[in-house]
1. Go through region 29-40 residue by residue and turn each phi into a ³J(HN,Hα) via Karplus (6.51, -1.76, 1.60, θ = phi - 60°); whole Hz please, and just put x for glycine and proline.
2. Starting from 0 in steps of 5 Å, tell me what percent of the Cα-Cα pairs of region 75-133 lands in each bin.
3. For region 1-74, what is the convex hull volume of the alpha-carbon atoms per residue, in Å³?
4. When only C-alpha pairs under 8 Å and at least 6 residues apart count, what is the relative contact order of the chain, in percent?
5. Note down, for the chain, the three equivalent ellipsoid semi-axes (square root of 5 times each alpha carbon gyration tensor eigenvalue), biggest first, whole angstrom.
6. Quick one: what are the phi-derived ³J(HN,Hα) couplings along region 75-84, Karplus 6.51/-1.76/1.60 with θ = phi - 60°, whole Hz, x for glycine and proline?
7. Can you work out the Karplus-derived ³J(HN,Hα) for every residue in region 49-56? Use 6.51 cos²θ - 1.76 cosθ + 1.60 with θ = phi - 60°, whole Hz, and x for glycine or proline.
8. For ARG128, ARG81, ARG21, what's the fewest-to-most ordering of other Cβ within 10 Å of each Cβ?
Amino acid sequence: MSLQAKLKILTKEAFGNQFFRFILASGANTVFGFLAFSFFVFLGFYYPIAVFFSTICGILFNFQTIGRFVFFSKNNGLIFRFIGVYVATYLLFTAGVGTMIHLHMSAYIAGAIMVLPIGITSFLLNKRLVFNK
């Protein structure tokens, strides 16, 4: 049995719950995204440009961590579906926060309220529409 096969079995036993692995991957993705943004700011990029490039890097990194660690997929052809889910969750998050702000709620509280439903939605959409697991 190859090392990769052994690691896959060990990972499945240790982290058998996909949603738990998704939460771990999301934490790693958040750290990566912030570090990428900080790197571009450090290089002197104007912040909207730093956000743009760190988002591109983040999508590519997130696709790999979620695909490989959460759903055990190496199919890079799924990237366009993944981007579609990324866009959909962005729009849902923005609409939810915007609605709550319109109802005179703090943007901080609105964002905090939206984190869990968007996380669950992202997991389910990736599971069903992107990685079919």
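1. Karplus values, whole Hz, x for Gly and Pro: 5, 5, 4, 4, x, 5, 5, 5, 4, 4, 4, 5.
2. Calculated over all Cα pairs of region 75-133, the distribution is 4, 20, 24, 19, 13, 10, 6, 3, 1 percent.
3. Taking the convex hull of the Cα positions in region 1-74, it is 88 Å³ per residue.
4. Answer for the chain is 22 percent.
5. So the three semi-axes of the chain are 28, 20, 14 Å.
6. Each residue of region 75-84 in turn: 7, 6, x, 8, 4, 6, 5, 4, 4, x Hz.
7. 6, 4, 4, 4, 5, 5, 5, 4
8. Listed from fewest to most nearby Cβ atoms, that is ARG128, ARG81, ARG21.
Here, each number is a calculation from the coordinates, and none is a lab measurement. Fair warning: this is a prediction, and the values are worked out from it, not measured in the lab. Don't worry about glycine lacking a Cβ; one is built from the backbone with ideal geometry, like all the others, and counts go over all protein chains shown.
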